[in-house]
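Only one structure is covered here, and it is reproduced in the block below.
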Amino acid sequence: MESECLAPEWGSQPCVMGIDEAGRGPVLGPMVYGCLYCPISYQTSLASLHFADSKTLKEEKREELYESLKLDKSIGWAVDVIGPRELSANMLAKNKINLNEISHNSAMGLIKRVLDMGVLLTEVYLDTVGDPEKYRVKLCERFSSIKFVVSKKADSLYPVVSGASIVAKVTRDRALRGWLVEETGENINRNFGSGYPGDPETKAWLEQHKHSVFGFPSLVRFSWGTCTTHLKSEVEVAWESDETEENGFGNSSKRQAKLSRFGFTNKSESRSEEIESSGKGRCKFLQARKIQQITQF
Amino acid sequence: MGTIDLRAAADENSVPDISSQVHQLPCCIRFDGPSQVSHYFKPTSSEVEIDGVRTEEAHFRGRKLQGATISLPSGYSGFVLGQASNRNANGKRKASSPEEEKPCWEAKAKFDRMTYWNHDTLPSKDDTFLRSFHWFSIAEALHKPVKAEDFVAVSHGEKDKM
């Protein structure tokens, strides 16, 4: 989503951009990165629009400011919505991508998108994500023509970042409000609360909507520690990728465990053979295909 | 040793065909029983096609799965086995001492297609699961009855080499 696909008329003038995020902490819903940009010469007028950090504003005020900045012909904006499913999948991937990296990639994606439109970005302001200096260096290496300022509380220090935070926050709130729950046949209600793990309403919602086998509806970020805590009492799921990491055994151990659980065991099987790769002691052809002979069932 | 009774499966209608509902996941779910699978597990077809097979995408417990639906090789069938009801033809429970009692399995459902899933990797011919099918042709060669002509062919071959 963005203001326009083509560069605005003023895009050839040196422009400043602010980037901010909404929904980084919550255990459910999307994380939204938003950016706002305008000609450097317009910055003083931007300050007079009274964007404050979106978190300090009331919801109606945020919505109002969002609508007014959308109408402002001297301002451009764009958002990147990263759904809970994508967040979970990345953070629980075989090669895990942490939230900081996802955040960095999202911010850089927004910068690239606006540059590709033909907007002459010369300065970009962002809030810290991880170590500020490392982040700044990373950004400079990727976009050498831009001056980057990575600062704590950027959203209250720079109006252009405050504006971005409003775009991000309003987009996140609307996305959560209109969220289409994919899971069916369950009494899924929408009283998620704020989505923050500490919010009693969110806690209650998680407790009500957990499923012994599937965990949670896909609105929930499974990679959050809160989820692990909630699912402790539910059905245990062991992943091949985790197992390899934890105990160094090959990835067939679970399949083995599964077979023995159903009463299939190899006659001569000892405890250690049960957790090591199936086809052990057999010819390479069978080992490579994890084919094991079952003599007792 | 236990026995497996597939007689029920031979009859077209006596056991359900669950061909579109069999999934092999790259994880172990330590649970055995019914679950609301179709309400939570919703595979979607992706645009990617590999070796002529359209890949699918699904999520389970927050992880991204990539899978493919394959037909079992012709001449082979899949069965879901369960403990046999352990009754004889008269419908009476067999009287047997515990040490005599051998586990008896019977087909509860059958399938000729199934979907196997990888965590984060696209399905390919190199997947162990598909490679295990190689055994079928080897088993066939190993267990094919040897005919007189085969002996002749082999002994001629030996002579040629010498």
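See the values below:
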{"read-out": "Those residues of region B:131-153 which are more than 10 Å from chain A (Cβ to nearest Cβ), of a type in the set (D, E, K, R) and surrounded by 10 or more Cβ atoms within 10 Å (Cβ to Cβ), in sequence order", "value": "B:140, B:150"}
{"read-out": "Residue list for region A:191-231, restricted to those being closer than 28 Å to residue A:66 by Cα and either buried (at least 20 other Cβ atoms within 10 Å of the Cβ) or touching a residue at least 12 places away in the same chain (Cβ under 8 Å) (or both)", "value": "A:191, A:192, A:193, A:194, A:195, A:196, A:197, A:202, A:219, A:220, A:221"}
{"read-out": "All positions within region A:186-212 that are in contact with a helix residue (DSSP H, G or I) (Cβ under 8 Å, 6 or more places away or on another chain) and within 11 Å of chain B (Cβ to nearest Cβ)", "value": "A:186, A:211"}
{"read-out": "Of the criteria (1) surrounded by 16 or more Cβ atoms within 10 Å (Cβ to Cβ); (2) within 14 Å of chain A (Cβ to nearest Cβ), which one residue B:30 fails", "value": "(1)"}
{"read-out": "Pairs with Cβ under 6 Å, 6+ apart, first in region B:114-131 and assigned to a helix (DSSP H, G or I), second at pLDDT 90 or above", "value": "B:129/B:116"}
{"read-out": "Residue B:35 within 14 Å of chain A (Cβ to nearest Cβ) and either touching a helix residue (DSSP H, G or I) at 6+ places or on another chain (Cβ under 6 Å) or not in a strand (DSSP E or B) (or both)", "value": "yes"}
{"read-out": "Looking only at region A:213-234, and only at residues there that are within 11 Å of chain B (Cβ to nearest Cβ) and not hydrophobic (A, V, I, L, M, F, W, C), the one that is farthest from residue A:32 (Cα to Cα)", "value": "A:234"}
{"read-out": "Residue list for region B:15-30, restricted to those being assigned to a strand (DSSP E or B) and under 14 Å from the mean Cα position of the chain (by Cα)", "value": "B:17, B:23, B:24"}
{"read-out": "Unmet requirement for residue A:35, which otherwise passes all of (1) in contact with a Cys (Cβ under 9 Å, 6 or more places away or on another chain); (2) surrounded by 15 or more Cβ atoms within 10 Å (Cβ to Cβ)", "value": "(1)"}
{"read-out": "Residue A:248 being modelled with pLDDT of 70 or more, more than 12 Å from every other protein chain (Cβ to nearest Cβ), surrounded by fewer than 15 Cβ atoms within 10 Å (Cβ to Cβ) and farther than 30 Å from residue B:103 by Cβ", "value": "no"}
{"read-out": "Elements of type helices (runs of 4 or more DSSP H) in region A:13-126, at least 1 residues being in contact with a helix residue (DSSP H, G or I) (Cβ under 7 Å, 6 or more places away or on another chain) and over 21 Å from residue A:153 (Cβ atoms)", "value": "A:59-71, A:84-91, A:99-117"}
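Matching residues to (1) within 22 Å of the chain's Cα centre (by Cα); (2) of a type in the set (Lys, Arg); (3) under 27 Å from residue A:238 (Cβ atoms):
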residue	(1), (2), (3)
B:13	yes, no, no
B:40	no, no, yes
B:54	yes, yes, no
B:62	no, no, yes
B:75	yes, no, no
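The values are calculated or read from the model by the stated rules, or taken from the named source; none is laboratory data. Every value quoted in this text rests on a predicted model; they were computed, and no experiment measured them. Virtual Cβ from ideal backbone geometry, glycine too; neighbours counted across all protein chains shown.
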